[in-house]
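Notes follow the structure.
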Amino acid sequence: MRIHGMMCFRQTILRCTFSLAVIGAMCVTLTSASNEARGDAFFPIARENVALKSDFTLDFGGVVTTGNITSTDMVLKLNPEQNSARVIQYFQKVEPLQIPIGPGIFLDTGDITVTVMHSIGGTFDGDTNAYGTEDIYAVYFEGDLSALGIESPFVLPSSSDGSLTFDAKPAGGAAGSTGQIDLEWNGSSKLEGPAGPIEFSYVCRVHTVFSITTAGDIDGDFDVDEDDFEFMQACYSGNLSYSDPHCELADLVRDKKINFADMVVFFENVTSGE
Ligand SMILES: [Ca+2]
Ligand SMILES: [Ca+2]
């Protein structure tokens, strides 16, 4: 499958190279426009910082339960020109929590998966590299929590606050930047327990390391190759707007569609070799 994928990838490069020769002038126009568009926003691709402890805590009016976060994969869209921030992608694994349902009685959640269903967005300060967003999180429990009326996904509206620390130059969103993002999101909600509503608050403290790579490096591993191309293909929408919010990563010229113009930028950035 991989060999077949690579052959298709190379054939597509050849076709695109030919197309580029035919429509060279058009490509130049598209490229300069795309570079301007990308200059406004940057996309840190973040993963769990294993050197620091990240955790998810539920507080039932003083009865506190905490689970370790074992992995985080997150992509942000930060725009210092517009002072805007948004979560593009969020996928997190948390170890089981014990939810108190009576004196000394706990319900095991099983393994927990957290994603962002919808990021309403918020602000980014390009001077301090701090951001804040409002997001709707979806929480999936492996365990049976029907005794609490919980079905997966359980929806948690939350406020996030985070900050970026750049390792070194180049900073400020330039390709090649790396650093850390430390964030916290929190909120409050209630469950329908056997003896009535159970109010609780939640806090998720997350430490990640991030990289900012070139346009087309969708998975953030510092190359632009067939893995990234598969994502571009899956998001291809022609003249229609894409519906999956994750596809914003493939929208390299930022026009809400994934089409030829994005492929042109992609193939300009393809990394040679494996
Ligand atoms: Ca890549
Ligand atoms: Ca596009």
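Side notes on the structure shown:
- Among GLY176, GLN98, GLY126 - extreme Cα towards positive end, dipole of the stretch 45-211, charges at beta-carbon: GLY176
- Per residue, the convex hull spanned by the Cα atoms of the stretch 106-165 amounts to 99 cubic angstrom.
- Too-long pairs where the Cα-Cα distance tops 24 Å, listed order kept, from LYS77/LYS190; LYS77/LYS257; LYS53/LYS190; LYS93/LYS256: LYS77/LYS190; LYS53/LYS190; LYS93/LYS256
- Annotation for the stretch 41-66 versus the stretch 74-100: alpha-carbon center distance of 10 Å.
- Relative contact order %, the stretch 45-211, counting alpha carbon pairs below 8 Å whose residues are six or more apart: 22 percent
- Cα Rg, Dmax (largest Cα-Cα span) when computed across the stretch 45-211, Å: 17.0, 57
Quick note: the coordinates plus some simple rules give every number you see, no bench work behind them. Not measured: the values here are computed from a predicted model. Cβ: placed from backbone, ideal geometry, glycine included. Neighbour counts: every protein chain shown.
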